1. Count, please, the residues in segment 195-219 that happen to be surrounded by 18 or more Cβ atoms within 10 Å (Cβ to Cβ) and closer than 19 Å to residue 249 by Cβ.
2. If residue 385 satisfies every condition in (1) buried (at least 19 other Cβ atoms within 10 Å of the Cβ); (2) within 24 Å of the chain's Cα centre (by Cα); (3) of a type in the set (Val, Ile, Thr) but one, which is the exception?
3. If residue 14 passes every condition in (1) touching a Lys or Arg at 6+ places or on another chain (Cβ under 8 Å); (2) surrounded by fewer than 19 Cβ atoms within 10 Å (Cβ to Cβ) but one, which one does it miss?
4. Restrict the check to segment 463-476 and report whether at least one residue is under 30 Å from residue 302 (Cβ atoms), buried (at least 20 other Cβ atoms within 10 Å of the Cβ), touching a residue at least 24 places away in the same chain (Cβ under 8 Å) and not basic (Lys, Arg).
5. Applying the selection to segment 388-409, what residues are within 23 Å of the chain's Cα centre (by Cα) and surrounded by fewer than 14 Cβ atoms within 10 Å (Cβ to Cβ)?
6. Identify, please: which residue in segment 65-83 is assigned to a loop (DSSP other than H, G, I, E, B) and hydroxyl-bearing (Ser, Thr, Tyr) and is, among those, surrounded by the most Cβ atoms within 10 Å (Cβ to Cβ)?
7. What is the one condition in (1) over 13 Å from the mean Cα position of the chain (by Cα); (2) within 27 Å of residue 368 (Cα to Cα); (3) not in a helix (DSSP H, G or I) that residue 293 does not satisfy?
8. Taking the condition within 18 Å of residue 446 (Cβ to Cβ), surrounded by fewer than 20 Cβ atoms within 10 Å (Cβ to Cβ) and either of a type outside the set (A, V, I, L, M, F, W, C) or in the same structural domain as residue 105 (by TED's automatic domain parsing) (or both), does residue 379 pass?
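The values are calculated or read from the model by the stated rules, or taken from the named source; none is laboratory data. What you see is a predicted model; the values in this text were computed from it and never measured. Methodologically, a virtual Cβ is constructed for each residue, glycine included, from the backbone with ideal geometry; neighbour enumeration extends over all protein chains shown.
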Amino acid sequence: MSFQSDLEIVAAALADYYRQSHAGEMPVIHQPPMEELISGLGLAAWVSTGGLSGEGLSEFVAKYLSSTTRLHHPAYMAHQVAVPHYAGALAALIDGFTNNAMAIYEMGPGAASIEHFVVNWLLEKVGWQPAPARLTHPAGDQTWGGGVLTHGGSLANLTALIAARSRIAPQVWLDGSPGNLALLAPAESHYSIARAAGILGIGQNAVYHLAVDSRGVVIPDRLPEAYGRCRNDGRRAIALVANACSTAVGLYDPLLEIAEFCRAQGLWFHVDGAHGASALLSEKHRHRLRGVEKADSLTWDAHKLVRTPTLCAAVLVRDSRTLDGAFQQEASYLFHEKEQPGFDFVERTVECTKAGLGLRLFMVLGAMGERGLADYVERQFDLAVEAYEYIRHLPDFECAVEPQTNILCFRLAGDDDLQLQVRQRLTALGAFYISTAAFNGRRYLRLALMNPDTSLDDIKRLVDEMRRLANTEARPQ
């Protein structure tokens, strides 16, 4: 068999998979036991004999696809993972086959150039100055933004906080992390923030939580309290982190007020916009991020609301020099004098080898256009509001908060165990796939409305099925 014929086999299988998923002909989620999958896919036999091609490949791909969670299914409402546009998937195939590890320009000129372009496009959406194509270090008062695409928002958050730490403690690369560093963040921050504190040697106990209201949104007037506790303990805060939006319920912190406080105190301001920064694409919703242009850094995941395959996240900075100075490295086979017609991204990343992530994002942009992506974001946000208005008027349901994004938390009348039982039965049946989150000490069921084909009718059917399960299966007889 040949590459061409095997490619046609895989393409045909994916086309059929998409048709089935889009039409809802198969369960949205199906979870056989792991040992059953390992055996059924014949993994050990293929490793032993080789030859995974032709008819064998066709059978293998069919079995594999039957075990996947179908994000293209309208009943997929569980997690903040993109239902990818097929153009982004084609880009992932191109990148995987060419395998240009483009962290250094000579290993992927096209991929590096596209990444430079899409980073600049993102910078402009934030309101920051794009970088010139022939990159040099800014001189005098001249500044422009910078950034790099990483394999995930957690890595983007870590990279931004490394830059913040390098600014306040540049000696860390030689002497190790000082014992008096700290971080300011709301308790509702994504767990990657606390994880980054551990990785950076700051420690999770040195994360000072910001005061929040009943919705989990930062209260600007109480920022001095957390900052005062930090300073009274003899610690230096490397950064203050805000949410745009929070993971559990999708609400935005007041970025402008926080930015003004950080500017007055000389604090690095990082915005975790992994999910919610995509509101910047919409004139209708970009006001949610008012003040983001005053931040020092921003995380923005394209593999959430920009229809891009995983993983493709951006870490962006207002001043490129802060990111260019974040890391120190020595590698004679990479860092030496050479003709350099392009830019090496390797000095901005944790990764030494990096996929051409920009191609995935660019091909989605090229297929949908800016207006198409804005329409998608607006549709998903509007659908969450429609669902909220429907569910909050039902006598046996309640909602946590009015949504600001495409995330909606709600619950059946009953205790926390009932919510978990209903979700477990929904997942086992495979007709709907939703997630769950804790908020204000209670367990909620959670919709992340990522699929452009999910409708209010699908949500109404979900509600009916939840009622049925609550009445006949989840509660004791």
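1. 5
2. The one condition residue 385 does not meet is (1).
3. (1)
4. Of the residues in segment 463-476, the ones under 30 Å from residue 302 (Cβ atoms) are none.
No; the residues of segment 463-476 include none that is under 30 Å from residue 302 (Cβ atoms), buried (at least 20 other Cβ atoms within 10 Å of the Cβ), touching a residue at least 24 places away in the same chain (Cβ under 8 Å) and not basic (Lys, Arg).
5. Correct list: empty.
6. Applying the filter and picking the extreme gives 69.
7. Checking residue 293 against (1) over 13 Å from the mean Cα position of the chain (by Cα); (2) within 27 Å of residue 368 (Cα to Cα); (3) not in a helix (DSSP H, G or I), the one that fails is (3).
8. Values: within 18 Å of residue 446 (Cβ to Cβ): no; surrounded by fewer than 20 Cβ atoms within 10 Å (Cβ to Cβ): yes; either of a type outside the set (A, V, I, L, M, F, W, C) or in the same structural domain as residue 105 (by TED's automatic domain parsing) (or both): yes.
No, not satisfied.
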